[in-house]
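Comments concern the structure below.
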Amino acid sequence: MIGWALGIITSVYVLLSFLMWYLTPVYRADRKAAVVVLGDIGHSPRMCFHTLSIAKVGCPVDLIGYVRSDIMPELNENPLIRIRALPEPVKRGNMPYIMYAFRRALKEHISLYRLLKKSNPTVVLVQNPPSIPTLGVARLITLFTFPGSKLLIDWHNLGYSILAMSQKGLAVRLYRAYEMIFGRIAYLHLCVSVRLGMALKTGFAINPKKVMPLYDRPYKQYKISGSKRVEQRKRLGFGDVDAPWIVTSTSYTPDEDLTLLLDALEDYSGPKLVCVITGKGPMKDDFLKDVEKRTIPNAKIVTAWLPYEDYHTLLAVCDLGISFHKSSSGFDLPMKIVDMFGACLPVLAMSYQAIGELVNENNGITFKDKKELLDGLEILEDTWKLAELKKGATLESQLTWDALWAEKVGPVFGYGEYTGEESSSSDSD
């Protein structure tokens, strides 16, 4: 049933795109970019970084997405950047799923098309996933409405692999087909890891010369030390300022197993620590109920939802960060770890196929189960080892986004010269 719904939705909005193209006039801009994220702008740091970098090379840019939380101050302060907010999607209520999915996709398609039309871009940079309707609208915009404009796709993961975590069968096959049809052809395919780039080449038959790994990097270094660290801990007010602090951020979704954290903390016997969990999401209430049932004598658990600057301050005053991200494809890399490195914070990270491209023995530790997580927490008592990992994380914080972006993507916007002919088939970035 869901599969047929996706098929109908896709067909309708493709036909609608052609109709809207036929009915709307075309005006060209000299040079302008549109950055599209079908999600909360405040929780899409990589797309925000793209936007800031595009503006830095002198190109006006519209950032299109949902505005649901605080946005980086740098975005609001830059005169070359305009935020174009997508209207919130329809609420399901008691509506049957098929009708809800159809109405939501239709509304998002129309809203996204209208905002892209207003942007009048010569370059369109879109985040994937989500694929529907972003890839279809962006492809049709660059193919018909603004012929000659360039489409760049920034692959954060494979959308169909995320759907496969909750759905099976026809729905997943149709989503994959959609993602491949509308995502296969672009001027440039950026991807967050080398392994994801390899998957695009082999699984989607994308031209290897058009695939470019672009690792996430901190936008800037957030470093707090000495007495200021204590002051900021007091200001945040999460617990004993002299105790070890650990932090994890989450969206409270099935792909992050916070039960593992609680299981480990129940058995943790080290010095009493403060564990701060930031974020919000659909499974938060269930998690809080689980916490109430537990007996955890050596840890104070605090949940928080923080503004942008306070979030980075929190990371900078903690002793250890933990990532429970499980990749649906095995190929994406969690931005939360990049945020931690930007704050000079060493990490414990859930192990999976691509994680070694980000976390290594110099900046963190990987774990697969409760025992390995507990072993990792023991580092809080090993001052020397923790300091060594902090040095590695500090080195990571010095490799910022701007320099890498200017080298890899800048030529598309007139910063240098990009011909689209270089191969990115090596195993390094």
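Results, tabulated for the structure shown:
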| quantity | calculated |
| --- | --- |
| Set LYS32/LYS150; LYS209/LYS326; LYS150/LYS210; LYS336/LYS390 screened for pairs whose C-alpha atoms are more than 19 Å apart | LYS209/LYS326 |
| GLU266 versus LYS368: modelled label distance in nm, points set 7 Å from Cα along the beta carbon direction | 2.3 |
| Hull volume in cubic angstrom per residue (convex hull over the Cα atoms of the stretch 268-393) | 116 |
| Sulfur and carbon atoms: percent of accessible area, the chain [1.4 Å] | 55 |
| For the stretch 360-374, Karplus couplings with θ = phi - 60° (6.51, -1.76, 1.60), whole Hz, Gly/Pro x | 9, 5, 8, 10, x, 9, 9, 9, 10, 8, 4, 4, 5, 5, 4 |
| Separation of alpha-carbon centers, the stretch 290-313 and the stretch 81-118, rounded to whole Å | 34 |
| Shape box of the stretch 201-327 [Cα atoms, principal axes, largest first, Å] | 54, 36, 26 |
| When each of LYS300/LYS391; LYS234/LYS272; LYS228/LYS272 is checked by Cα-Cα distance, pairs over 20 Å | LYS300/LYS391; LYS228/LYS272 |
| Anisotropy class of the stretch 96-254 from Cα gyration tensor, a/c 1.5 cut | prolate |
| Calculated log₁₀ intensity ratio I(q)/I(0) where the Debye formula runs over C-alpha points of the stretch 251-299, q = 0.13 Å⁻¹ | -0.30 |
| Per-selection Kirkwood Rh - the stretch 85-130 (Cα, Å, 1 d.p.) | 12.2 |
| Largest to smallest accessible area among TYR113, TYR311 [probe 1.4 Å] | TYR311, TYR113 |
| Other-chain or far-sequence residues with amide H under 5 Å of ILE83's (modelled H) | LEU63 |
| Cα coordinate range in the chain, projected on the principal axes (Å, largest first) | 67, 52, 39 |
| Cut-off 15 Å between beta-carbons: net charge of the residues surrounding ASP382, Lys and Arg +1, Asp and Glu -1 | -3 |
| Nearest-10 value in Å² for the accessible area of LEU80, using the 1.4 Å probe | 60 |
| Added length on full extension, which subtracts the Cα-Cα distance from 0.36 nm per residue, ASP240 to MET95 | 47.4 nm |
| Residue order for PHE182, PHE324 - accessible surface, 1.4 angstrom probe, largest first | PHE182, PHE324 |
| Computed over the chain: relative contact order in percent, which uses C-alpha pairs under 8 Å that are six or more apart | 15 |
| Rounded FRET efficiency, nearest 0.05, which uses the C-beta distance separating ASP285 from LEU386 and R0 of 25 Å | 0.15 |
| Structure-based [θ]222 nm, the chain - -39500 (n - 2.57) summed over DSSP H runs of at least 4, per residue, nearest 500 | -12500 deg cm²/dmol |
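The values are calculated or read from the model by the stated rules, or taken from the named source; none is laboratory data. Fair warning: this is a prediction, and the values are worked out from it, not measured in the lab. Counting neighbours? That spans all protein chains shown, and the Cβs are built from the backbone with ideal geometry, glycine included. Calculation scope for accessible area: heavy atoms of the full protein, side chains included, ligands and nucleic acids excluded. Shrake-Rupley method; radii C 1.70, N 1.55, O 1.52, S 1.80 Å.
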